[in-house]
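Please treat every number below as a calculation from the coordinates, not as lab data. Since this is a predicted model, take the numbers as computed values, not measurements. Reconstructed Cβ throughout: ideal geometry from the backbone, glycine too, with neighbour counts over all protein chains shown.
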Ligand code: BGC
């Protein structure tokens with residue numbers, strides 16, 4: 001145990017320590033007045049402060065706070081500075097509302113677009129999610145307020161989220177599901193990490209020694225405390241042993257007693273409890289150093305929420321109608337124009353300080369245009385032809401129809417997954433009917449995750465993805481529609497053409513207690529790339545009112561050592577007439593690797609603002625991890641010598657420039673040859689090759705004899721002997737030629753292995 005707080009821990013009684021490792025209420029730690037140990041207050045998160053005044057309540061209306069856009073939207077900004085500012089603002093609100101730790105951000109991967117909680121998560125790509133999380137956390141923690149990186153780990157669905165076991169192989173875990181956590185932990189040291197409800201490969205995340213202790217604490221060096229998701233602990237003693245420091249919510253008298261009993265009976269080593277207590281004390285005292293209470297700047301934060309929402313909106317389609325200008329009559333259709341749909345349901349639900357009404361914002365920016373309104377669709381899932389008819393007649397008499405379509409809460413929320421990617425039947429019928437009579441139809445979507453559009457997209461002039469845009473998003477929509485702002489968001493997740501195309505579809509949502517992550521590494525664009533499958537809108541895609549050209553691509557070194565990395569630079573020019581921002585993406589493609597790898601992976605990006613005609617040079621650094629993959633046999637990240645393509649792109653499907661570089665690996669890998677190693681593995685292993693190659697010629701000629709094939713000719717079995725044997729264990733091949741060998745096949749392999757392993 002490290003020195004800090006050791007003395008304080010030693011002054012605590014067993015009872016006090018056992019009480020501290022469980023909460024005192026829904027939102028607080030257990031104080032110990034006798035020793036001057038204060039209580040610490042936590043609150044949801046992630047995109048606003050859900051401070052419930054009465055800490056014994058769990059779902060009461062919270063104090064007013066700014067509702068920022070949810071993570072789908074913030075990630076679509078690809079603007080790390082803005083995310084950091086959002087973090088700072090969140091911290092100011094935490095301080096004002098007496099909150100020590102904000103429960104966010106959430107960095108789980110969007111394995112399937114059906115995940116009910118996807119709106120709270122950033123991306124299908126771990127690099128992008130990791131960058132967002134790092135900046136979010138740095139923003140919050142720069143003001144002395146803590147964060148809780150959640151939900152660790154492999155919590156990618158709502159179906160049976162309290163108990164299902166996510167069955168994920170180690171490589172997929174490391175490269176896809178843990179990578180954003182790893183980046184955030186290593187680069188920012190969040191005050192807390194929240195374990196998820198589900199099991200991972202059979203063990204509850206809260207009792208998972210591999211995840212909590214081996215990986216998070218030992219390998220990544222996490223110094224903060226691990227808190228359980230609310231109600232995620234089943235066996236308190238087992239959880240402590242696994243590395244779960246703080247159980248929430250509390251109090252849980254029985255569990256506390258179990259900890260006491262376990263220490264007394266010797267079942268739990270007191271040092272394990274002490275370590276959790278030390279971690280909690282460290283964070284409690286750290287968090288309480290920041291003085292709390294006061295006020296936050298409601299207007300300034302609303303304005304920041306507005307700015308983020310504007311940059312997060314993604315213009316998906318535009319036949320040239322947008323930005324709107326000079327129209328005399330605008331029909332606004334859709335309930336969500338009046339009742340803004342700007343956040344999702346569940347624990348992240350914020351009580352906003354104020355809300356921009358989309359309808360009013362259009363009015364404010366539409367100049368002298370006449371504005372008319374129809375609701376378009378009901379609040380529930382019922383169907384009303386009358387509402388459609390009214391909308392159509394309104395749209396007919398207008399120059400433009402703006403359709404505000406929000407995916408209703410009964411289709412998308414924490415607590416349940418979506419069952420399809422569709423809008424409601426009424427919404428689809430409404431879009432079709434209106435666009436049939438009004439060619440100038442713009443669809444404005446408010447949803448937390450992709451919807452399918454094949455039924456109607458061809459008929460509409462433009463589609464703006466407005467996401468769950470936060471309390472100020474209504475202004476952002478008008479800003480983009482009227483061109484006050486040039487849209488610059490790009491998708492942080494693929495919009496598939498249909499549900500049946502999605503990566504996890506045949507392994508979703510699991511059953512009989514397990515969900516198999518059968519698609520492995522291949523989620524999101526990694527899957528669509530591998531399948532060469534067309535999508536509705538690719539990862540990284542988004543339109544602008546201007547155009548950008550890429551030129552003069554350079555790399556700092558053509559050949560480099562993995563540990564040195566390289567820097568890629570590219571000139572980006574605004575070739576259109578309007579100022580705008582472009583998001584440059586850098587993907588890495590490994591030309592050849594021993595294990596299968598995705599076609600390409602995002603490893604860097606930059607957002608750059610350009611006036612018309614202006615050119616700026618964008619530089620992006622690549623490091624060891626940009627080229628590495630996790631090798632489950634070596635249990636480590638490795639690189640391999642060879643050529644890599646660096647793809648500079650405007651989206652995952654729009655590669656603008658390609659550079660090829662040569663990497664020299666500095667990774668020294670142990671020799672893993674064993675009794676089961678194949679002939680090819682012997683040949684490819686540097687040490688194995690030295691020992692085995694003199695023997696190889698002998699094996700080859702013996703095998704031809706054993707199989708009745710003439711030297712240099714085809715063999716008696718009509719197949720190339722070495723092609724056939726290459727992937728067989730050496731021991732098995734030798735077995736077939738036993739009669740020609742001086743000793744048993746097993747002994748021969750044992751001899752070779754002795755030479756290899758010294
Ligand atoms: C959610 C967490 C949340 C916690 C406290 C849980 O149900 O999964 O994200 O932080 O409740 O509200």
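With n ≥ 4 as the cut-off for DSSP H runs, can you work out [θ] at 222 nm for the chain, using -39500 (n - 2.57) per run divided by the number of residues, rounded to the nearest 500?
Helix contribution divided over all residues of the chain: -9000 deg cm²/dmol.
I'd like to compare 273-280, 183-190, 616-623: which one has the highest average count of other Cβ atoms within 10 Å, and what's the full order after that?
Answer by packing, highest mean first, reads 273-280, 183-190, 616-623.
With 10 angstrom as the radius, rank 379, 70 by how many other C-beta atoms surround their C-beta, starting from the fewest.
Exposure proxy ranking, most exposed first: 379, 70.
When every alpha-carbon pair in the chain is counted, what percent end up more than 39 Å apart?
When all Cα pairs of the chain are counted, 43 percent exceed 39 Å.
Mind pulling the angle between the C-alpha long axis of helix 425-437 and the longest principal axis of the chain? Nearest 10 degrees, somewhere in 0 to 90.
60
Determine by what factor the alpha-carbon radius of gyration of the stretch 3-288 differs from 2.2 N^0.38 Å, reporting the quotient.
Compactness ratio reported: 0.94.
With r as the distance between the Cβ atoms of residue 98 and residue 750 and R0 = 45 Å, compute the FRET efficiency 1/(1 + (r/R0)^6) and round to 0.05.
My answer for the efficiency is 0.10.
Would you work out if the stretch 431-507 is rounded, prolate or oblate? Take a ≥ b ≥ c from the square roots of the eigenvalues of the alpha-carbon gyration tensor; rounded if a/c is under 1.5, else prolate when a/b is larger than b/c, oblate otherwise.
Oblate, since a/c reaches 1.5 and b/c is not below a/b.
Under the rule a/c < 1.5 gives rounded, and otherwise a/b versus b/c splits prolate from oblate, where does the stretch 38-83 land using the Cα gyration tensor?
Prolate, since a/c reaches 1.5 and a/b exceeds b/c.
Give me the distance in nm between label points sitting 7 Å out from Cα along the Cα-to-Cβ direction at residue 614 and residue 740, one decimal.
Between residue 614 and residue 740, the label points sit 7.4 nm apart.
Compute the long axis of helix 385-396 from its Cα atoms, compare it with the longest principal axis of the Cα atoms of the chain, and write down the angle in degrees, 0 to 90, nearest 10.
On a 0 to 90 degree scale, this one is about 70.
In the stretch 669-687, whose amide N lies under 17 Å from the spot 7 Å out along Cα-to-Cβ of residue 728? List them in ranges.
675-683
Which order do the peptides 669-677, 370-378, 106-114, 491-499 take when ranked by the mean count of other beta-carbon atoms within 10 Å per residue, highest first?
Descending packing order for the listed peptides: 106-114, 491-499, 370-378, 669-677.
By average Cβ neighbour count within 10 Å, what is the ranking of 123-135, 563-575 from highest down?
123-135, 563-575
Compute the distance from the alpha-carbon center of the stretch 542-565 to that of the stretch 283-355, in whole Å.
33
Find the centroid of the Cα atoms in the stretch 638-670 and in the stretch 466-532, then give the distance between the two in whole Å.
With the stretch 638-670 and the stretch 466-532 each reduced to a Cα centre, they are spaced 26 Å.
Starting from 0.36 nm per residue, how many nanometres of slack lie between residue 325 and residue 57 once their C-alpha separation is accounted for?
In short, 91.5 nm is gained.
On full extension of the chain, what length is gained from residue 14 through residue 512, given 0.36 nm per residue of separation minus the C-alpha to C-alpha distance?
Gain on stretching residue 14 to residue 512: 175.2 nm.
Given the C-alpha centroids of the stretch 101-177 and the stretch 245-267, what is the distance between them in whole angstrom?
28
State, to one decimal in nm, how far the label point of residue 532 lies from the label point of residue 293, with both points 7 Å from Cα in the Cβ direction.
Once both label points are built, they end up 6.8 nm from each other.
Could you work out how far helix 686-706 tilts from the main Cα principal axis of the chain, as a 0 to 90 degree angle to the nearest 10?
In the chain, helix 686-706 runs at an angle near 70 degrees to the longest axis.
Stretched out fully, how many nm does the piece from residue 267 to residue 684 gain, at 0.36 nm a residue minus the Cα gap?
Contour length minus Cα-Cα distance gives 145.3 nm.
Along Cα→Cβ, 7 Å out, is where each label goes; now give me the distance between the ones at residue 142 and residue 4 in nm to one decimal.
So the two model labels end up 2.1 nm from each other.
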